[in-house]
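Below you'll find the structure I mean.
The values are calculated or read from the model by the stated rules, or taken from the named source; none is laboratory data. The structure displayed is predicted, hence computed values, not measured ones. Every residue, glycine among them, receives a Cβ derived from its backbone with ideal geometry; neighbour counts consider all protein chains shown.
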Amino acid sequence: MIIDGKSISAKRKDELKIKIEKMKQAGKRIPQLTVILVGNNQASQTYVRNKERGCAYVGMLSDIILKDENISEDELINEIKRLNNDANVDGILVQLPLPAHINENKILDLIDPSKDVDGFHPTNVAKLMLGQNGLVPCTPKGMMVLLDEINYDLTGKEVVVVGRSNIVGKPVSLLCLQKNATVTIAHSRTKNLKEVCQRADVLIAAIGKAKFFTKDYIKKGAIVLDVGINRDENNKLCGDVDYDDVKGIVSYITPVPGGVGPMTIAMLLENTLQAYEQREG
């Protein structure tokens with residue numbers, strides 16, 4: 001069966017819309033997300049537009065700050081400090097990648113952790129590691145919601161995460177661990193990857209290789225969450241999993257597009273509201 005991220009994401013956004021409408025009626029301040037976009041990267045521009053649309057749909061305020069790709073690191077640092085001190089800004093997101101002359105880690109570390117709606121700040125990473133209440137990276141958080149939506153209990157289940165990035169692989173592993181799963185993190189250097197994947201009750205594919213995982217990698221009846229966004233030989237969007245090859249043996253699978261992807265922006269909006277609520281007390 002397909003896990004329809006598009007409709008689940010729409011449902012979550014509709015729930016947010018109702019909450020924000022109630023806040024407006026009560027005369028409360030409305031949450032605001034501010035996004036900084038540096039340069040003219042087309043993919044980044046598309047992502048930012050989608051974030052802006054998401055905010056507009058649920059009734060949140062959004063502010064897009066456009067900066068020239070030649071901006072100095074110091075100028076960008078000053079912009080972030082200004083936003084950290086702006087009481088009306090609840091979420092700050094710096095769209096990656098940044099130009100080569102700017103140190104991404106330095107910039108991300110400067111964002112106030114309470115406004116870090118991407119969940120990338122070391123403070124939020126530490127909170128996730130410790131099982132404390134912080135802001136969680138959007139894509140992993142979205143995957144947990146997808147599993148909740150199909151009423152899947154991870155307790156005692158074997159989860160294999162293929163990919164060890166700080167944005168997806170590591171955080172989703174910790175979230176699964178919090179749900180009492182037995183978690184294996186595999187990657188490009190893992191020996192006998194096929195055998196490792198075949199153990200998985202839940203396979204999370206996040207390696208960025210088009211249609212890499214065929215049915216030989218997957219246990220019958222497994223759940224597959226496909227994080228990959230690639231182009232196939234016909235230039236069509238596809239995931240890391242060969243969907244047509246595996247769909248007959250899995251119990252649930254997320255399609256690409258329309259699976260994990262739509263959840264990311266819904267979770268960003270939820271994180272912005274969470275940041276607002278924690279700051280407003």
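Residues ASP116, ASP109: which one is among the acidic types (Asp, Glu), modelled with pLDDT of 95 or more and buried (at least 17 other Cβ atoms within 10 Å of the Cβ)? Write out each step before concluding.
On the way: ASP109 fails: buried (at least 17 other Cβ atoms within 10 Å of the Cβ).
So the residue among ASP116, ASP109 that is among the acidic types (Asp, Glu), modelled with pLDDT of 95 or more and buried (at least 17 other Cβ atoms within 10 Å of the Cβ) is ASP116.
Would it be correct to say that VAL159 is surrounded by 17 or more Cβ atoms within 10 Å (Cβ to Cβ), over 17 Å from the mean Cα position of the chain (by Cα) and modelled with pLDDT of 95 or more? Give the steps one after another, and end with the answer.
Details: surrounded by 17 or more Cβ atoms within 10 Å (Cβ to Cβ): yes; over 17 Å from the mean Cα position of the chain (by Cα): yes; modelled with pLDDT of 95 or more: yes.
The answer is yes for VAL159.
Then there is this: Please give the number of the condition ARG279 fails out of (1) under 21 Å from the mean Cα position of the chain (by Cα); (2) outside any strand (DSSP E or B); (3) closer than 30 Å to LYS115 by Cα.
(1)
Could you check segment 206-221 and list, in sequence order, the residues that are under 23 Å from LEU154 (Cα atoms), assigned to a loop (DSSP other than H, G, I, E, B) and in contact with a Cys (Cβ under 9 Å, 6 or more places away or on another chain)?
ILE218, LYS219
Still on this structure, I have one more. Return the residues of segment 158-171 that are touching a strand residue (DSSP E or B) at 6+ places or on another chain (Cβ under 6 Å) and either in contact (Cβ under 8 Å) with a residue 40 or more places away in the chain or part of a helix (DSSP H, G or I) (or both); say none if nothing qualifies. Give the steps one after another, and end with the answer.
Initially, segment 158-171 is screened for residues touching a strand residue (DSSP E or B) at 6+ places or on another chain (Cβ under 6 Å), giving 158-162, 164, 169.
Listed by number, the residues that qualify are GLU158, VAL159, VAL160, VAL161, VAL162, GLY169.
Same structure again: Would segment 41-64 turn up any residue that is under 19 Å from the mean Cα position of the chain (by Cα), β-branched (Val, Ile, Thr) and modelled with pLDDT of 95 or more?
yes
With the structure loaded, tell me whether LYS141 is at pLDDT 95 or above, surrounded by fewer than 20 Cβ atoms within 10 Å (Cβ to Cβ) and part of a helix (DSSP H, G or I) or whether it fails that test.
On the way: at pLDDT 95 or above: yes; surrounded by fewer than 20 Cβ atoms within 10 Å (Cβ to Cβ): no; part of a helix (DSSP H, G or I): yes.
Against the criterion (at pLDDT 95 or above, surrounded by fewer than 20 Cβ atoms within 10 Å (Cβ to Cβ) and part of a helix (DSSP H, G or I)), LYS141 does not qualify.
Another question, if that's okay. Please give the number of the condition LEU203 fails out of (1) outside any loop (DSSP other than H, G, I, E, B); (2) without any contact (Cβ under 8 Å) to a residue 24 or more places away in the chain; (3) out of contact with any Phe, Trp or Tyr (no Cβ under 6 Å at 6 or more places or on another chain).
Among (1) outside any loop (DSSP other than H, G, I, E, B); (2) without any contact (Cβ under 8 Å) to a residue 24 or more places away in the chain; (3) out of contact with any Phe, Trp or Tyr (no Cβ under 6 Å at 6 or more places or on another chain), LEU203 violates only (2).
Can you say whether LEU76 is touching an Asp or Glu at 6+ places or on another chain (Cβ under 7 Å) and either surrounded by 13 or more Cβ atoms within 10 Å (Cβ to Cβ) or in the same structural domain as LEU193 (by TED's automatic domain parsing) (or both), as far as the supplied structure shows? Full working, then the answer.
Values: touching an Asp or Glu at 6+ places or on another chain (Cβ under 7 Å): no; either surrounded by 13 or more Cβ atoms within 10 Å (Cβ to Cβ) or in the same structural domain as LEU193 (by TED's automatic domain parsing) (or both): yes.
Against the criterion (touching an Asp or Glu at 6+ places or on another chain (Cβ under 7 Å) and either surrounded by 13 or more Cβ atoms within 10 Å (Cβ to Cβ) or in the same structural domain as LEU193 (by TED's automatic domain parsing) (or both)), LEU76 does not qualify.
Scan segment 127-138 for residues that are surrounded by 22 or more Cβ atoms within 10 Å (Cβ to Cβ) and part of a loop (DSSP other than H, G, I, E, B) and jot them down.
Scanning segment 127-138 gives LEU135, VAL136, PRO137.
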